[in-house]
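Asks: The structure is given below, and queries will be raised subsequently.
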Amino acid sequence: MEAAGEKYTRDAIKQTMLDSWGCGPAESQAALCRLMDEELLRDAKLLVFANKQDLPSAQSEEEVAAALDLHTLCEGKRRWKVQQCCAHSGAGLSEGFDWLCTACDFPPPRLKLRAGLSQ
């Protein structure tokens with residue numbers, strides 16, 4: 001069974017730029033490239049959460065896309081989106097998951113987010 005979508009989280013602060021696996025920019029881009037080349041993810045949509053948007057040094061959606069080279073990685077292969085978010089407050093999480101569900105032709109989830117946790 002192929003995956004319909006993949007979620008990837010990146011702490012989008014300019015000083016550290018770490019992803020959900022604790023990798024820096026070069027390792028993060030290479031790991032994402034390998035992941036999206038997997039057979040099961042060949043046609044999957046990609047949602048990248050640009051976390052830490054509550055901090056003044058947060059990267060924009062375009063800066064995150066450029067750091068991960070998403071235009072090259074996904075060009076003509078899959079739909080993708082970078083969604084700004086703050087996991088601490090939950091801001092942007094519902095919007096990201098709504099986009100992913102719509103992109104995958106699934107009904108949007110009914111999430112209630114509080115302090116970064118779904119209930």
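Coordinate-derived values only; no laboratory data. Treat the numbers as computed from the prediction; the structure is a model and nothing was measured. With ideal geometry, Cβ positions are generated from the backbone for all residues, glycine too; neighbour counts draw on all protein chains shown.
Asks: Amide H neighbours of Q83 under 5 Å, counting only residues 5+ apart in sequence or on other chains, H built in-plane at 1.01 Å?
Replies: Residues meeting the amide H criterion: V48, F49, A50.
Asks: Take each of the peptides 30-40, 97-107, average the number of other beta-carbon atoms within 10 Å over its residues, and list them starting from the highest. Kindly include the intermediate steps, with their values, before the conclusion.
Replies: Details: 30-40: 13.5, 97-107: 15.2.
Averaged packing, sorted descending, gives the order 97-107, 30-40.
Asks: For the ranges 71-79, 46-54, what's the packing order if you count other beta-carbon atoms within 10 Å of each residue, average per peptide, and put the highest first?
Replies: In descending order of packing, they fall as 46-54, 71-79.
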